[in-house]
Amino acid sequence: MLSVFVAPVHSGGGHLESALASVNFAESKAMKNTLATLTLGVAPRDDLHPLLLEHLPEEQIAHFGLLDGLTPEEIEQRYAPVAGEKVAMTHIEDGSYVLLSAARVEAALQHLIKELEHQGFETILMLCSGEYKNLVTDNAVLLEPYRILPPLVDAITGGHQVGIMVAREEYLGEQAYKWRTLASKPHFAVANPWKTSEDDLIDAALQLQEQGADVLVLDCLGYHQRHRDFLQKLLGIPVLLSNVLIARLAADLLV
């Protein structure tokens, strides 16, 4: 059986090619039935991996991360943004975050997507909530939460007033644009899912409910099932976890 494959990924040089080349022919044939997940940070994502395991066996999940195996100095050298350019943020295991050049990240993601597709992966799941307009595949299905979630949530909520909870205030501008197509203009609040205290989470949820939200969406890969369960019990209204929606969709695409 194909074991979980966590590859060190770098956009320049032969590291990625060497890692992918280590998969033998029998494993390569199995790639078509394996979900490749791709994160800006380090793979696997501890926050999403358990959700995927609820829908897929572990041997059908292969993880890849742009920052795998990189030291802080190497991250700075490869992905440091210059003044004034668009940045991407990714969290690391201790809950802190790093700022990356969005243009360099997009180029590295495209390079990796092509390599994964060449290796035989037919379903690739992006584990990031930001927008990358220029990512393409030849034949593989590329699941991008930024593009998929808004119409999916709009169909589920059926015109109800939606409240969107995000992890950082810096995300609000991009999130407002992302969710602009909902039937009713959503309300937004910020709560950091990596904090141990739930005070911010409670305050943000109550703020959204007071503004009229009767459905909540937790739109960050850092929110867990426990956040959803806690808020649904607190508020008594439906709470959607974007991680769960994406995980179920990805699993359904594998045959």
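The values are calculated or read from the model by the stated rules, or taken from the named source; none is laboratory data. Values in this document were obtained by computation on a predicted structure and should not be read as measured data. Note that each Cβ is placed from the backbone with ideal geometry, even for glycine, and that neighbours are counted across all protein chains shown. Note: areas computed on protein heavy atoms with side chains; ligands, DNA, RNA excluded. Shrake-Rupley method; radii C 1.70, N 1.55, O 1.52, S 1.80 Å.
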Quiz item: Which pairs have Cβ atoms under 8 Å, sit 6 or more apart or on different chains, and link a residue in the range 53-72 that is farther than 23 Å from GLN225 by Cα to one that is surrounded by fewer than 17 Cβ atoms within 10 Å (Cβ to Cβ) and aromatic (Phe, Trp, Tyr)?
Solution: none
Quiz prompt | Hits in the range 115-146 - residues which are open to solvent by 30 Å² or more (accessible area, probe 1.4 Å), hydrophobic (A, V, I, L, M, F, W, C) and either under 14 Å from LEU253 (Cα atoms) or within 12 Å of the chain's Cα centre (by Cα) (or both) | solution = VAL141
Exercise. Specify the residue that is farthest from the chain's Cα centre (by Cα); the eligible residues are those in the range 214-245 that are among the small types (Gly, Ala, Ser) and over 18 Å from PRO151 (Cα atoms).
Key: GLY236
Quiz item: Would you call LEU16 at pLDDT below 85, open to solvent by less than 20 Å² (accessible area, probe 1.4 Å) and farther than 18 Å from GLY120 by Cα?
Solution: no
